[in-house]
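The structure appears right after this line, and notes come after that.
The values are calculated or read from the model by the stated rules, or taken from the named source; none is laboratory data. Please read these numbers as outputs of a predicted model, since none were measured by experiment. Virtual Cβ from ideal backbone geometry, glycine too; neighbours counted across all protein chains shown.
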Amino acid sequence: MSKKALMIVSFGTSFDEAMPAIVNIEETCRKAFPDYDFYRAFTSGMIIRKLKKTKNIVIDNPQEVMEKLAAQGYEEVLCQPTHIINGMEYEKMMGMLAPYKDRIPVIRAGKPLLTEEEDYRKACQIVMQELSRPLHKDEAFVLMGHGTEHYANSAYCQFENMLRDLGYENTYVGTVEGFPGLDYVIRRMKIRGIRKVYLMPLMIVAGDHARNDLAGAEADSWDSLLQAEGFETEVFLKGMGEMDGIAQLFVEHLKAAKQV
């Protein structure tokens, strides 16, 4: 019988409170592919080093996992990234898989969460079901994405436009490290006369960015900046990976990759 491996690849987190989001995706995928041996990998070297130094936890990157699988004679590797967009971390992962195509007969990789139009539609519906509360005319949801210099940053604008298409007019998407930023979101909300804002990370884990950049007590966090601009705020610290529907979307991507 051939040896088959399932590798779930995440950016990673060093926050214990955020890890359940990754575990939920991993376990959902494991249950969908019970005949595959499970492996975890992180793409963030910074997080891998921090976990080793502060908690003595060793997490391999995708290349290290692939090297082990090749050495152990695995004949099939099914890989699923938990990345949201087709950006730099996804490209880094694919670059780590490429050298092993001659050593492992079958390597299949699923796409990131937001790849095809239907991915956006399903993800938007899942996120809004999670927030599930009727908004008054002067209330809004604001979702914080990571953002990137990579052209895949456009995914955040598409996500917001999909929300609009689904009827969620008072929902805004901003990013920490790309466009649109919070200042742009604030200007638009003031035009609409928004008074109260519900904040949530548009990220797989509610880790460093969510707990500091979004909800931190510092003056430059989104929560603090919005309050300084006169908005009433309420924060939902929940990573998208904790939502069962999102985890199931990754299973769908795995199944699609396996059929290629």
Next item on the list: Name the one entry in Pro105, Pro99, Pro34 that is touching a Ser or Thr at 6+ places or on another chain (Cβ under 9 Å), modelled with pLDDT of 95 or more and not polar (S, T, N, Q).
Entry: Pro105
Item checked: Elements of type strands (runs of 3 or more DSSP E) in region 142-260, at least 2 residues being among the hydrophobic types (A, V, I, L, M, F, W, C), closer than 30 Å to Leu51 by Cβ and not assigned by TED's automatic domain parsing to the domain that holds Asn24 -> 196-201
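Got a sec? Which of Ile107, Ile84 is over 30 Å from Glu229 (Cβ atoms) and in contact with a strand residue (DSSP E or B) (Cβ under 8 Å, 6 or more places away or on another chain)?
Details: Ile84 fails: over 30 Å from Glu229 (Cβ atoms).
Exactly one residue qualifies, and that residue is Ile107.
For region 54-67, check the following and say yes or no: at least one residue is among the polar types (S, T, N, Q) and farther than 30 Å from Asn153 by Cβ.
Filtering region 54-67 for residues among the polar types (S, T, N, Q) gives 54, 56, 61, 63.
Now narrow it down to the ones that are farther than 30 Å from Asn153 by Cβ: 54, 56.
For region 54-67, residues among the polar types (S, T, N, Q) and farther than 30 Å from Asn153 by Cβ: present.
Condition check ((1) assigned by TED's automatic domain parsing to the domain that holds Phe159; (2) under 13 Å from Val9 (Cβ atoms); (3) among the aliphatic types (A, V, I, L, M); (4) crowded, with 19+ Cβ neighbours inside 10 Å) across all residues:
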{"residue": "Tyr39", "(1), (2), (3), (4)": "no, yes, no, yes"}
{"residue": "Lys50", "(1), (2), (3), (4)": "no, no, no, no"}
{"residue": "Pro62", "(1), (2), (3), (4)": "no, yes, no, yes"}
{"residue": "Met66", "(1), (2), (3), (4)": "no, yes, yes, yes"}
{"residue": "Val77", "(1), (2), (3), (4)": "no, yes, yes, yes"}
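What are the residues in region 111-138 that are assigned to a helix (DSSP H, G or I) and among the small types (Gly, Ala, Ser), if any? Give the derivation first.
So the first thing to find is which residues in region 111-138 are assigned to a helix (DSSP H, G or I), and the list is 117-131.
Result: Ala123, single match.
Tell me, please, whether a residue that is of a type in the set (Phe, Trp, Tyr), surrounded by 18 or more Cβ atoms within 10 Å (Cβ to Cβ) and touching a strand residue (DSSP E or B) at 6+ places or on another chain (Cβ under 7 Å) can be found in region 239-251.
yes
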